[in-house]
Amino acid sequence: MKAYRLDELEAERVANDGAYLQFLRERNMSVGLYALDAGQLDPQRPHKEDEVYFVVSGRGSITVGTETTQVGRGSVVYVPAGVPHKFHHITEDLRVMVVFSPPES
């Protein structure tokens, strides 16, 4: 078993001075914590892997392909591999758990 605490992951992400911290990598998936502050632009490009976003905290919107929805704590969004997507109109600092399958390359 591997167990994690969100506050410890956030502290590690900040200490590494990055928006993304991958904290788990297995044969069929990887998991990370992604952070975007209020008003920040999301620099993402489409990934080769399927993704699931779970919003841990914050508020904003996400556009996946041509569809847009508002997200907040507890939101779950699936993004198919290769589809353009971005968080935007971030009104409260976003902290998002990201699951990639297969693992992010």
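The values are calculated or read from the model by the stated rules, or taken from the named source; none is laboratory data. Only a predicted model underlies this, so the values are computations on that prediction, with no experimental measurement involved. Here the Cβ is made from the backbone with ideal geometry for all residues, glycine too, and neighbour counts use every protein chain on show. In case anyone asks, the SASA skips ligands and DNA or RNA and just uses the protein heavy atoms, side chains included. Shrake-Rupley method; radii C 1.70, N 1.55, O 1.52, S 1.80 Å.
Just one of (1) at pLDDT below 95; (2) farther than 21 Å from V71 by Cβ; (3) not β-branched (V, I, T) trips up Q44, so point out which.
For Q44, the exception is condition (2).
For the subset of the range 1-15 comprising residues that are under 15 Å from R95 (Cβ atoms) and either assigned to a strand (DSSP E or B) or free of Cβ contacts under 8 Å to residues at least 12 places away in the same chain (or both), which member is least open to solvent (accessible area, probe 1.4 Å)?
Taking the range 1-15 first, the residues under 15 Å from R95 (Cβ atoms) are 4-14.
Checking the rest, the ones that are also either assigned to a strand (DSSP E or B) or free of Cβ contacts under 8 Å to residues at least 12 places away in the same chain (or both) come to 5, 7-8, 11-12, 14.
On the way: R5: 131, D7: 89, E8: 108, A11: 60, E12: 92, V14: 87 Å².
Step by step, filter the range 1-15, then rank; the result is A11.
State which residue is surrounded by the most Cβ atoms within 10 Å (Cβ to Cβ) when the search covers only the range 69-85 and only residues that are in a loop (DSSP other than H, G, I, E, B) and among the hydrophobic types (A, V, I, L, M, F, W, C). Please lay out each step first, then the result.
Residues of the range 69-85 in a loop (DSSP other than H, G, I, E, B): 73-75, 80-84.
Applying the additional criterion that residues be among the hydrophobic types (A, V, I, L, M, F, W, C) yields 81, 83.
Details: A81: 13, V83: 15.
That would be V83.
Are there any pairs, at least 6 apart or on different chains, whose C-beta atoms fall under 6 Å, with the first in the range 94-105 and over 12 Å from L24 (Cβ atoms) and the second of a type in the set (S, T, Y) and assigned to a strand (DSSP E or B), and if so, which?
These pairs meet every condition: R95/S57; V96/Y34; V96/Y53.
For the range 39-53, what are the residues that are on the phi < 0 side of the Ramachandran plot, open to solvent by less than 90 Å² (accessible area, probe 1.4 Å) and out of contact with any Leu (no Cβ under 8 Å at 6 or more places or on another chain)? Let's see the steps before the verdict.
We begin by selecting, within the range 39-53, every residue on the phi < 0 side of the Ramachandran plot; these are 40-53.
Then drop every residue that is not open to solvent by less than 90 Å² (accessible area, probe 1.4 Å), which leaves 40, 42, 44, 46-47, 49-53.
Answer for the range 39-53, where residues must be on the phi < 0 side of the Ramachandran plot, open to solvent by less than 90 Å² (accessible area, probe 1.4 Å) and out of contact with any Leu (no Cβ under 8 Å at 6 or more places or on another chain): Q40, Q44, P46, H47, E49, D50, E51, V52, Y53.
Going through the range 18-56 one residue at a time, which ones are hydrophobic (A, V, I, L, M, F, W, C), in contact (Cβ under 8 Å) with a residue 40 or more places away in the chain and within 10 Å of V99 (Cα to Cα)? Show your work before the answer.
Going residue by residue through the range 18-56, those that are hydrophobic (A, V, I, L, M, F, W, C) are 19, 21, 23-24, 29, 31, 33, 35-36, 38, 41, 52, 54-56.
Subset that is in contact (Cβ under 8 Å) with a residue 40 or more places away in the chain: 29, 31, 33, 35-36, 38, 41, 52, 54-56.
Within the range 18-56, M29, V31, L33, V52, F54 meet the criteria.
All but one of (1) hydrophobic (A, V, I, L, M, F, W, C); (2) touching a residue at least 40 places away in the same chain (Cβ under 8 Å); (3) touching a Lys or Arg at 6+ places or on another chain (Cβ under 7 Å); (4) more than 25 Å from Y4 (Cα to Cα) hold for A81; which doesn't?
Of everything listed in (1) hydrophobic (A, V, I, L, M, F, W, C); (2) touching a residue at least 40 places away in the same chain (Cβ under 8 Å); (3) touching a Lys or Arg at 6+ places or on another chain (Cβ under 7 Å); (4) more than 25 Å from Y4 (Cα to Cα), A81 misses just condition (2).
Looking at (1) crowded, with 17+ Cβ neighbours inside 10 Å; (2) part of a strand (DSSP E or B), can you tell me which one L24 breaks?
It fails just one condition, (1).
Does the range 86-100 contain any residue that is at pLDDT 95 or above, of a type outside the set (S, T, N, Q) and part of a loop (DSSP other than H, G, I, E, B)?
First, the residues of the range 86-100 that are at pLDDT 95 or above: 86-100.
Next, only the ones that are of a type outside the set (S, T, N, Q) stay: 86-90, 92-100.
Then keep just the ones that are part of a loop (DSSP other than H, G, I, E, B); that gives none.
No: the range 86-100 contains no residue that is at pLDDT 95 or above, of a type outside the set (S, T, N, Q) and part of a loop (DSSP other than H, G, I, E, B).
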